[in-house]
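Everything on this sheet refers to the single structure shown next.
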């Protein structure tokens, strides 16, 4: 996926690429998710952060085994930026995050 990290996350949030009003808020949440991934040992050892739509997923990671990281970032941003009002949906997202965290840890160990 050569797509911009910011653009792809905005798309998953239902925000068009040309609507930039929330970009800084979304960037903050994306970078927070990258910090969590760094603590899990995923991504560049020195850490990773974006500033705008110029950063691509391949700048962060090139290992296909770690595609879970993209979903992890998406869910983390969704929960922080636009959390669901349904407790059932919130529980589902949190269970997905737990599983992704576990899977990313396993991949990183090998």
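The values are calculated or read from the model by the stated rules, or taken from the named source; none is laboratory data. A quick note: this is a predicted structure, and the numbers were derived from the prediction, not measured. Positions of Cβ are generated from backbone atoms using ideal geometry, with glycine treated the same way; all protein chains shown enter the neighbour counts.
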**Study point:** Conditions (1) without any contact (Cβ under 8 Å) to a residue 40 or more places away in the chain; (2) within 14 Å of the chain's Cα centre (by Cα); (3) within 20 Å of residue 107 (Cα to Cα); number of the one not met by residue 46
**Key:** (2)
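Report yes if residue 52 is within 22 Å of residue 4 (Cα to Cα) and modelled with pLDDT of 95 or more, otherwise no. Step through it out loud before you land on a result.
Values: within 22 Å of residue 4 (Cα to Cα): yes; modelled with pLDDT of 95 or more: yes.
Judged against the criteria, residue 52 is a match.
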Point to revise | Close pairs (8 angstrom Cβ cut-off, 6 or more residues apart or separate chains): at positive phi and surrounded by 18 or more Cβ atoms within 10 Å (Cβ to Cβ) in the stretch 6-32, part of a helix (DSSP H, G or I) and at pLDDT 95 or above anywhere | key: none
Practice item. Starting from the stretch 77-90, take each residue that is free of Cβ contacts under 8 Å to residues at least 40 places away in the same chain and list its partners that are surrounded by 13 or more Cβ atoms within 10 Å (Cβ to Cβ) and not in a helix (DSSP H, G or I), counting only C-beta distances under 7 angstrom and pairs at least six apart or across chains. Key: 90/84
Point to revise | Selection count, the stretch 15-56, where residues are in a loop (DSSP other than H, G, I, E, B) and touching a helix residue (DSSP H, G or I) at 6+ places or on another chain (Cβ under 6 Å) | key: 11
